[in-house]
């Protein structure tokens with residue numbers, strides 16, 4: 001079992017917004033960029049293709065990271081924290 005991650009409602013909302021943007025805007029854009037780079041031919045020396053693949057890897061990793069955080073989120077109210 002993964003450890004619960006405390007976060008505020010606002011923090012959870014920001015992560016959800018980022019996740020939505022990554023899935024609905026960034027991911028489709030990078031898929032298009034990869035397709036365009038592939039159309040240029042030889043992939044072994046195609047800097048645009050390599051760059052797009054690296055960006056895709058980052059986006060997919062960030063999506064997985066956010067989904068894991070949200071699935072283990074424990075929403076807290078900072079006003080109730082004593083310390």
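Any read-out appearing in this document is the output of simple, stated calculations on the displayed coordinates, not a laboratory observation. Computed from a predicted model, the values in this text were never measured in an experiment. Cβ placement follows ideal geometry from the backbone for every residue including glycine, while neighbour counts extend to all protein chains displayed.
By the count of neighbouring beta-carbon atoms within 10 Å, fewest first, 55, 21 end up ordered 21, 55. For Rg/Rh (Cα atoms, Kirkwood Rh), the candidate list reads [x] 1.04; [y] 1.20; [z] 1.01; the entry that matches the value derived from this model is [y]. Give the residues of segment 49-80 whose amide nitrogen is closer than 14 Å to a point set 7 Å from the Cα of residue 25 in the direction of its Cβ. Inside the label zone: nothing. The distance between label points at residue 57 and residue 76 comes to 3.5 nm (points 7 Å beyond Cα on the Cα→Cβ vector).
Spatially, segment 1-22 and segment 28-83 are offset by 15 Å when compared through their Cα centroids. Going from the residue with the fewest nearby Cβ atoms within 10 Å to the one with the most, 43, 15 rank 43, 15.
Based only on other Cβ atoms within 10 Å, what is the fewest-to-most ordering of 63, 30, 9? Let's see the in-between values first.
Working: 63 16, 30 21, 9 12.
So the ranking, lowest neighbour count to highest, is 9, 63, 30.
Treating r as the C-beta distance of residue 67 and residue 36 and R0 as 35 Å, the FRET efficiency rounds to 0.80.
What percent do you get for the relative contact order of segment 5-76 when only Cα pairs under 8 Å and 6+ apart count? Normalised by residue count, the contact order of segment 5-76 is 60 percent.
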